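J.: Below you will find the structure I want to go over with you.
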Amino acid sequence: MPELILEPLTAEAFKRFGDVIEARGHAENINAGTTQKFADLAKLSLTSGDGRPALALYRAEPCDPQAPIQLLERHPLSSQAFIPMNGARLVIIVAPPQDVLDPSTIRAFLGTPLQGVNYHPGTWHHPSITWQQSGWLLVLDREGPEENCDLAPLDVQPPLTLTVPKATAVT
(Lines give C-alpha, C1' and ligand atoms only; values in the text may rest on other atoms or scores of the structure.)
Protein backbone atom coordinates (compact mmCIF):
# COMPACT_ATOMS: atom_id res chain seq x y z
CA MET A 1 0.00 0.00 0.00
CA PRO A 2 1.52 3.35 -0.99
CA GLU A 3 1.67 6.12 1.59
CA LEU A 4 -1.36 8.39 1.71
CA ILE A 5 0.45 11.71 1.39
CA LEU A 6 -1.53 14.82 2.24
CA GLU A 7 -1.33 17.02 -0.88
CA PRO A 8 -2.30 20.68 -1.34
CA LEU A 9 -5.79 20.95 -2.85
CA THR A 10 -5.76 22.27 -6.43
CA ALA A 11 -8.45 22.20 -9.10
CA GLU A 12 -6.15 20.30 -11.47
CA ALA A 13 -5.19 17.59 -8.95
CA PHE A 14 -8.81 17.16 -7.79
CA LYS A 15 -10.67 17.21 -11.14
CA ARG A 16 -11.00 13.40 -11.28
CA PHE A 17 -13.01 13.47 -8.02
CA GLY A 18 -15.01 16.67 -8.31
CA ASP A 19 -14.70 20.44 -8.21
CA VAL A 20 -12.70 22.73 -5.95
CA ILE A 21 -14.99 25.51 -4.78
CA GLU A 22 -13.03 28.75 -4.49
CA ALA A 23 -13.08 32.31 -5.82
CA ARG A 24 -11.42 31.89 -9.21
CA GLY A 25 -11.96 33.02 -12.75
CA HIS A 26 -13.73 36.16 -13.87
CA ALA A 27 -15.71 38.01 -11.20
CA GLU A 28 -18.82 39.97 -12.09
CA ASN A 29 -19.49 43.18 -10.16
CA ILE A 30 -23.07 43.18 -8.89
CA ASN A 31 -25.21 45.05 -6.36
CA ALA A 32 -24.13 48.50 -7.53
CA GLY A 33 -20.48 47.46 -7.33
CA THR A 34 -20.52 46.39 -3.67
CA THR A 35 -20.20 42.66 -4.44
CA GLN A 36 -18.10 40.47 -6.69
CA LYS A 37 -19.83 37.32 -7.97
CA PHE A 38 -17.77 34.23 -8.86
CA ALA A 39 -20.35 32.02 -10.58
CA ASP A 40 -20.75 28.41 -11.69
CA LEU A 41 -18.00 27.03 -9.43
CA ALA A 42 -19.23 23.42 -9.28
CA LYS A 43 -21.21 20.91 -11.32
CA LEU A 44 -24.00 20.20 -8.86
CA SER A 45 -26.14 17.11 -9.43
CA LEU A 46 -28.83 17.01 -6.74
CA THR A 47 -32.16 16.09 -8.35
CA SER A 48 -31.86 12.57 -9.85
CA GLY A 49 -34.85 10.29 -9.28
CA ASP A 50 -37.17 11.86 -6.74
CA GLY A 51 -34.34 13.89 -5.18
CA ARG A 52 -34.30 17.54 -4.30
CA PRO A 53 -31.49 19.89 -3.25
CA ALA A 54 -30.96 20.15 0.50
CA LEU A 55 -28.89 22.64 2.47
CA ALA A 56 -27.38 21.60 5.80
CA LEU A 57 -24.83 22.66 8.38
CA TYR A 58 -22.30 20.09 9.60
CA ARG A 59 -19.86 20.43 12.44
CA ALA A 60 -16.70 18.48 11.58
CA GLU A 61 -14.00 17.46 14.03
CA PRO A 62 -10.27 17.66 13.37
CA CYS A 63 -8.56 14.51 12.17
CA ASP A 64 -5.76 12.67 13.92
CA PRO A 65 -3.20 12.09 11.13
CA GLN A 66 -2.01 8.91 12.86
CA ALA A 67 -5.48 7.37 13.12
CA PRO A 68 -6.15 4.65 10.54
CA ILE A 69 -8.47 5.47 7.66
CA GLN A 70 -11.25 2.94 8.28
CA LEU A 71 -14.11 3.85 5.96
CA LEU A 72 -15.03 5.65 2.76
CA GLU A 73 -18.51 6.40 1.47
CA ARG A 74 -20.05 7.44 -1.83
CA HIS A 75 -23.32 8.94 -3.04
CA PRO A 76 -24.17 7.32 -6.40
CA LEU A 77 -27.23 9.49 -7.10
CA SER A 78 -25.79 12.94 -6.45
CA SER A 79 -22.93 15.29 -6.00
CA GLN A 80 -22.17 16.55 -2.50
CA ALA A 81 -20.59 19.95 -1.75
CA PHE A 82 -18.76 20.99 1.44
CA ILE A 83 -17.84 24.63 2.10
CA PRO A 84 -15.98 25.60 5.31
CA MET A 85 -17.44 28.57 7.15
CA ASN A 86 -15.19 29.39 10.10
CA GLY A 87 -11.64 29.28 8.75
CA ALA A 88 -11.27 25.52 9.16
CA ARG A 89 -9.35 23.58 6.52
CA LEU A 90 -10.91 20.48 4.99
CA VAL A 91 -9.01 17.21 4.94
CA ILE A 92 -10.25 15.46 1.81
CA ILE A 93 -9.65 11.72 1.39
CA VAL A 94 -11.03 10.43 -1.92
CA ALA A 95 -11.00 7.69 -4.52
CA PRO A 96 -12.49 7.83 -8.02
CA PRO A 97 -15.93 6.46 -8.79
CA GLN A 98 -15.70 2.68 -9.20
CA ASP A 99 -18.00 -0.25 -8.38
CA VAL A 100 -15.61 -1.73 -5.81
CA LEU A 101 -13.30 0.61 -3.90
CA ASP A 102 -9.63 -0.02 -4.74
CA PRO A 103 -7.53 1.22 -1.77
CA SER A 104 -4.53 1.83 -4.07
CA THR A 105 -6.50 4.68 -5.77
CA ILE A 106 -7.10 6.69 -2.57
CA ARG A 107 -5.63 10.21 -2.40
CA ALA A 108 -5.63 12.86 0.32
CA PHE A 109 -5.77 16.64 0.01
CA LEU A 110 -5.63 19.58 2.41
CA GLY A 111 -7.72 22.61 1.52
CA THR A 112 -7.11 26.20 2.50
CA PRO A 113 -9.65 28.04 4.69
CA LEU A 114 -11.14 29.49 1.49
CA GLN A 115 -11.61 26.20 -0.41
CA GLY A 116 -14.53 23.82 -0.44
CA VAL A 117 -15.15 20.75 -2.58
CA ASN A 118 -17.97 19.27 -4.61
CA TYR A 119 -17.70 15.49 -5.03
CA HIS A 120 -18.94 14.12 -8.36
CA PRO A 121 -21.68 11.45 -8.04
CA GLY A 122 -20.16 8.12 -7.02
CA THR A 123 -16.83 9.53 -5.81
CA TRP A 124 -15.61 7.64 -2.75
CA HIS A 125 -14.75 9.97 0.13
CA HIS A 126 -14.03 9.96 3.84
CA PRO A 127 -16.67 11.44 6.15
CA SER A 128 -16.10 15.14 6.87
CA ILE A 129 -12.96 16.00 8.84
CA THR A 130 -10.94 19.15 9.28
CA TRP A 131 -7.34 20.06 10.07
CA GLN A 132 -6.31 21.13 13.60
CA GLN A 133 -9.66 22.72 14.58
CA SER A 134 -13.35 21.90 14.51
CA GLY A 135 -15.15 23.38 11.56
CA TRP A 136 -18.60 24.43 10.51
CA LEU A 137 -19.42 23.32 6.97
CA LEU A 138 -22.19 24.43 4.66
CA VAL A 139 -23.29 21.28 2.80
CA LEU A 140 -25.29 21.05 -0.44
CA ASP A 141 -26.65 17.55 -0.72
CA ARG A 142 -29.56 15.53 -2.12
CA GLU A 143 -32.62 14.48 -0.14
CA GLY A 144 -34.93 11.84 -1.51
CA PRO A 145 -36.61 8.51 -0.86
CA GLU A 146 -33.93 6.43 -2.63
CA GLU A 147 -30.87 5.13 -0.75
CA ASN A 148 -27.92 7.34 -1.70
CA CYS A 149 -25.04 6.29 0.53
CA ASP A 150 -22.78 3.27 0.06
CA LEU A 151 -20.14 2.46 2.70
CA ALA A 152 -16.81 0.72 2.10
CA PRO A 153 -14.91 -0.36 5.22
CA LEU A 154 -11.13 -0.33 4.71
CA ASP A 155 -9.41 -3.40 6.12
CA VAL A 156 -5.89 -3.02 4.73
CA GLN A 157 -2.63 -4.04 6.37
CA PRO A 158 -0.74 -2.10 7.39
CA PRO A 159 -3.54 0.37 8.17
CA LEU A 160 -3.74 3.39 5.89
CA THR A 161 -2.81 6.65 7.66
CA LEU A 162 -2.02 10.15 6.48
CA THR A 163 1.55 11.19 5.85
CA VAL A 164 2.18 14.89 6.22
CA PRO A 165 5.20 16.00 4.13
CA LYS A 166 7.63 18.13 6.13
CA ALA A 167 7.85 20.55 3.20
CA THR A 168 4.08 21.11 3.24
CA ALA A 169 2.86 24.08 5.23
CA VAL A 170 0.01 22.53 7.19
CA THR A 171 -0.16 24.75 10.24
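J.: Could you identify the single residue in Leu101, Leu77 that is touching a Pro at 6+ places or on another chain (Cβ under 7 Å), aliphatic (A, V, I, L, M), in a loop (DSSP other than H, G, I, E, B) and open to solvent by 10 Å² or more (accessible area, probe 1.4 Å)? Let's see the steps before the verdict.
T.: Numbers: Leu101 fails: touching a Pro at 6+ places or on another chain (Cβ under 7 Å).
After applying the criteria, what remains is Leu77.
J.: Out of (1) within 13 Å of the chain's Cα centre (by Cα); (2) at pLDDT below 95, what's the single condition that is false for Cys63?
T.: (1)
J.: Keeping to segment 39-66, report how many residues are open to solvent by less than 80 Å² (accessible area, probe 1.4 Å) and closer than 30 Å to Val164 by Cβ.
T.: 8
J.: Report the residue count in segment 15-30 for those that are in contact (Cβ under 8 Å) with a residue 24 or more places away in the chain and open to solvent by less than 70 Å² (accessible area, probe 1.4 Å). Break it down into steps so the answer makes sense when it comes.
T.: The first filter runs over segment 15-30 and keeps only residues in contact (Cβ under 8 Å) with a residue 24 or more places away in the chain, leaving 16-23.
From what is left, the residues that are open to solvent by less than 70 Å² (accessible area, probe 1.4 Å) are 17-22.
The qualifying residues number 6.
J.: Yes or no: segment 107-119 includes at least one residue that is over 14 Å from Pro65 (Cα atoms), out of contact with any His (no Cβ under 8 Å at 6 or more places or on another chain), aromatic (Phe, Trp, Tyr) and in a strand (DSSP E or B).
T.: No, every residue in segment 107-119 fails to be over 14 Å from Pro65 (Cα atoms), out of contact with any His (no Cβ under 8 Å at 6 or more places or on another chain), aromatic (Phe, Trp, Tyr) and in a strand (DSSP E or B).
J.: Do you know which of the residues in segment 38-60 that are of a type in the set (Lys, Arg) and within 17 Å of the chain's Cα centre (by Cα) is modelled with the lowest pLDDT? Break it down into steps so the answer makes sense when it comes.
T.: Within segment 38-60, the first condition is being of a type in the set (Lys, Arg), and the residues that meet it are 43, 52, 59.
Then drop every residue that is not within 17 Å of the chain's Cα centre (by Cα), which leaves 43, 59.
Values: Lys43: 94, Arg59: 97.
Per the stated criteria, the residue is Lys43.
J.: Find all pairs meeting these conditions: Cβ atoms under 6 angstrom apart; at least six residues apart or on different chains; first residue within segment 47-61 and more than 21 Å from Glu147 (Cβ to Cβ); second residue open to solvent by 80 Å² or more (accessible area, probe 1.4 Å).
T.: Arg59/Trp136
J.: Same structure again: Are there any pairs with C-beta distances below 8 angstrom linking a residue in segment 101-119 that is touching a residue at least 12 places away in the same chain (Cβ under 8 Å) to a residue that is among the β-branched types (Val, Ile, Thr) and open to solvent by 60 Å² or more (accessible area, probe 1.4 Å), with the two at least 6 apart or on different chains, and if so which?
T.: Once the first residue is touching a residue at least 12 places away in the same chain (Cβ under 8 Å) and sits in segment 101-119, its partners that are among the β-branched types (Val, Ile, Thr) and open to solvent by 60 Å² or more (accessible area, probe 1.4 Å) give Ala108/Ile5.
J.: Here is a further query. For Glu147, work out the one condition from (1) in contact (Cβ under 8 Å) with a residue 12 or more places away in the chain; (2) within 25 Å of Ala54 (Cα to Cα) it doesn't fulfil.
T.: Here Glu147 meets the rest and fails (1).
The values are calculated or read from the model by the stated rules, or taken from the named source; none is laboratory data. Bear in mind that the values here come from a model prediction, so they are computed numbers and not experimental data. Don't worry about glycine lacking a Cβ; one is built from the backbone with ideal geometry, like all the others, and counts go over all protein chains shown. Accessible surface is based on the protein model in full, side chains and every heavy atom, while ligands, DNA and RNA are left aside. Shrake-Rupley method; radii C 1.70, N 1.55, O 1.52, S 1.80 Å.
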